[in-house]
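Chemist: The structure that follows is given in the form of structure tokens.
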Amino acid sequence: MSLSGATPGYQKGDLVYAWTTNEDIARSAECGGAVTGLQKFALESGMVDAVLAVKRGSDIYDAIPVVITDPADLAQTAGSLHCGTLLLAKLIKKYLGGTKDRKIGVTVKGCDTMGLLELARRGEINLDNVVMIGVNCGGSVSPLTARKMIREKFEVDPDAVHKEEIDKGQFIIEYDGGHKGISMDDLEDEGYGRRSNCRRCLYKIPRQADLACGNWGVIGDKAGKATFIEVCSDKGARLLSDAVAAGAIATEPANPKGVEIRGKVEGAMEKLGQKWRNRDFTALKEDLWGTIERETSRCIKCYSCIEQCPVCFTDPDQFEKNSPMIRRGGLPVDGMFHLRRFAHISDSCINCGQCEELCPMEIPLALFSHAIRNEADLVFEPKLGRASYTN
Ligand code: FAD
Ligand code: SF4
Ligand code: SF4
Ligand code: SF4
């Protein structure tokens with residue numbers, strides 16, 4: 001079955017409220033289960049051979065990527081895990097053969113979408129074989145930060161929390177014996193809250209995916225029970241049309257007031273992202289070289305930042321080979337080790353945060369890479385404006 005070409009029904013640009021008709025999925029879904037319902041339909045109908053999504057592991061802080069081939073297993077992936085800081089793009093290259101010989105459906109945040117596009121540009125992934133179901137993303141919280149924040153700010157045992165959500169600017173937890181919400185702004189002012197790359201992220205609605213799904217703009221009796229879907233491609237239009245025709249998904253036109261609200265929230269989130277960029281990049285400017293030198297001197301050369309980065313392609317071994325300025329395996333790290341890496345990704349860092357998140361020495365690598373990318377965009381591609389650095 002080809003993945004391109006829309007059938008009559010929905011068209012690119014359509015805005016709808018949607019929800020699953022499957023009770024199992026609806027029970028565990030975040031906002032009506034349209035995303036999981038669409039993934040299930042894509043698998044059942046043969047539009048894809050497998051689905052890559054995320055499921056909860058041992059607790060709410062543990063997000064596990066999972067490849068599903070049996071539609072009956074999809075319900076376990078329903079629900080949003082805001083402490084799921086993983087990036088799915090590189091997993092597709094590494095473990096799914098870059099979708100060269102099979103079709104997959106994948107749930108993507110903005111950074112996952114950008115990662116897939118970068119990999120496709122390098123010929124590492126065949127996007128013709130990928131259905132990207134995008135989820136809007138206000139940001140994710142590192143599992144360690146979440147645990148600390150819940151213990152220190154919420155004064156709740158993190159292990160007693162069975163549900164978290166981010167709603168109307170608050171981080172909200174449900175735990176044995178109650179629920180509590182604290183403003184994200186207050187949390188972030190005190191160093192808790194979303195990852196720093198997420199604060200700077202401007203890519204809130206992933207319109208480069210095939211469908212962009214989220215809860216912003218769902219109002220009235222459907223609030224919390226449906227997902228707002230923007231149809232972003234012919235492929236997405238076809239998936240939604242076929243799923244509705246088959247009775248897997250129900251829809252109604254998005255409420256115009258809801259459309260307006262969604263636009264305003266997106267604008268406010270972008271402004272907030274700009275504010276964080278200004279704050280982070282200005283602070284860095286004060287002592288750019290000193291900061292980079294000081295922070296990277298802690299490096300233990302575990303190569304995780306090279307391994308995990310979706311746009312850094314060098315094999316860790318190759319990275320040091322043939323370099324007269326880097327001692328292979330030697331510590332302390334040579335300056336060129338990091339300069340080389342920054343140069344390599346300077347025009348393509350997507351600010352996904354993986355390098356920083358997984359650095360055992362807690363070096364703010366994404367901040368450095370993002371600042372370099374942002375600077376390059378502003379100087380060399382100013383006419384592209386924000387489109388050049390949507391993330
Ligand atoms: P479901 O049917 O419950 O499916 C959820 C899908 O998300 C599943 O495929 C699951 O595997 C996947 N998933 C769960 N956690 C992750 C993760 N960490 N990374 C990648 N995939 C994941 N919508 C907004 O409108 N505004 C927001 O600010 C916003 N922030 C979000 C932040 C995060 C980290 C996530 C994951 C989602 C966010 N969403 C946001 C989207 C929203 O929470 C719902 O996912 C969306 O409305 C779809 O609801 P649903 O019931 O159809 O999804
Ligand atoms: Fe979401 Fe952007 Fe953070 Fe990715 S980088 S998790 S899209 S806020
Ligand atoms: Fe993501 Fe870091 Fe690579 Fe940039 S350098 S794309 S933030 S892993
Ligand atoms: Fe060094 Fe951190 Fe990169 Fe490991 S992840 S090589 S410690 S900078």
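Every number in this text was worked out from the coordinates using simple rules, so none of it is lab data. Remember, predicted model here, so these are calculated numbers, not experimental data. Every residue, glycine among them, receives a Cβ derived from its backbone with ideal geometry; neighbour counts consider all protein chains shown.
Chemist: Where nothing but the Cβ of Lys and Arg (+1) and of Asp and Glu (-1) is charged, how large is the charge dipole of the chain around its Cα centre, in debye to the nearest 20?
Modeler: 840
Chemist: Just to be sure I understand: of the beta bridges DSSP finds with both ends in the chain, what percent are antiparallel, rounded to 5?
Modeler: The antiparallel fraction comes to roughly 75 percent.
Chemist: If you take the charge dipole of the chain about its Cα centre, with +1 on Lys and Arg Cβ and -1 on Asp and Glu Cβ, which of TYR17, LEU74, SER58 is farthest toward its positive end?
Modeler: Final value for the positive-end residue is TYR17.
Chemist: Which of the helices in the chain, when you take each full DSSP H run, stretch at least 18 Å along the axis at their Cα atoms and have an average Kyte-Doolittle score of -1.0 or higher?
Modeler: Values: long enough: 256-286 (46 Å, -1.08); 365-380 (22 Å, 0.76).
Helices passing the filter in the chain: 365-380.
Chemist: Let me ask something additional. Note down the net charge around GLU320, summing +1 for each Lys or Arg and -1 for each Asp or Glu among other residues with Cβ under 12 Å from its Cβ. Intermediate results must be reported in sequence, preceding the final value.
Modeler: On the way: positive: LYS301, LYS321, ARG327, ARG328, ARG340, ARG341; negative: ASP315, ASP317, ASP334.
Around GLU320, the surrounding residues sum to +3.
Chemist: Taking the chain as a Gaussian network, Cα atoms linked when under 10 Å apart, which of ASP112, ASP62, ASP315 shows the biggest mean-square fluctuation?
Modeler: Comparing ASP112, ASP62, ASP315 in the GNM, the peak value goes to ASP315.
Chemist: OK, next. Using the structure shown, list the pairs from LYS55/LYS109; LYS90/LYS204; LYS40/LYS100; LYS103/LYS257 with a Cα-Cα distance above 26 Å, or answer none.
Modeler: LYS103/LYS257
Chemist: Using Cα pairs under 8 angstrom and six or more residues apart, how large is the relative contact order of the stretch 198-309, in percent?
Modeler: Over the stretch 198-309, the number comes to 30 percent.
Chemist: Of all trypsin sites (Lys or Arg not before Pro) in the stretch 48-116, which ones are in loop regions per DSSP and have a Cβ with at most 16 other Cβ atoms within 10 Å?
Modeler: Answer in residue order: LYS100, ARG102.
Chemist: Report, in deg cm²/dmol and to the nearest 500, the calculated mean residue ellipticity at 222 nm for the chain, where each DSSP H run with n ≥ 4 adds -39500 (n - 2.57) and the sum is divided by the residue count. Mind dumping the intermediate values first?
Modeler: On the way: 15 runs with 150 residues, N = 391.
Computed mean residue ellipticity for the chain: -11500 deg cm²/dmol.
Chemist: Still on this structure, I have one more. Relative contact order of the stretch 245-391: what whole-number percent is it, with Cα pairs under 8 angstrom and at least 6 residues apart? Write out the running numbers ahead of the final one.
Modeler: Values: 106 pairs, mean separation 29.5, N = 147.
RCO, the stretch 245-391: 20 percent.
Chemist: Just rank THR77, THR69, THR296, THR227, fewest to most, by other beta-carbon atoms within 10 angstrom.
Modeler: With the sparsest Cβ surroundings first, the list reads THR69, THR296, THR77, THR227.
Chemist: When the chain is modelled as a GNM with alpha-carbon springs shorter than 10 Å, which of ARG277, ARG147, ARG327 fluctuates the most?
Modeler: Comparing ARG277, ARG147, ARG327 in the GNM, the peak value goes to ARG327.
Chemist: Okay, moving on. Could you work out the longest stretch of the chain that avoids the GluC sites (Glu not before Pro) located in DSSP loops with at most 15 other Cβ atoms within 10 Å?
Modeler: By the stated rule (loop sites, at most 15 other Cβ atoms within 10 Å), 191-361.
Chemist: In the neighborhood of ALA223, defined by Cβ-to-Cβ distances under 14 Å, what is the net charge if each Lys or Arg adds +1 and each Asp or Glu adds -1?
Modeler: On the way: positive: LYS168, LYS222, LYS225, LYS257, ARG262; negative: GLU30, GLU165, ASP167, ASP221, GLU252.
Local charge sum for ALA223: 0.
Chemist: Also: Grab the other residues whose beta carbon is less than 14 angstrom from that of ALA212, score K and R as +1, D and E as -1, and report the net.
Modeler: Around ALA212, the charge tally is +1.
Chemist: Given a 10 angstrom Cα cut-off, can you work out which residue in THR113, THR36, THR291 is the most mobile in a GNM of the chain?
Modeler: Of the options given, THR291 has the highest mean-square fluctuation.
Chemist: For the chain, what relative contact order do you get, as a whole percent, if you take Cα pairs closer than 8 Å and at least 6 residues apart?
Modeler: 19
Chemist: If you rank ASP234, ASP59 by fewest surrounding Cβ atoms within 10 Å, what's the result?
Modeler: ASP59, ASP234
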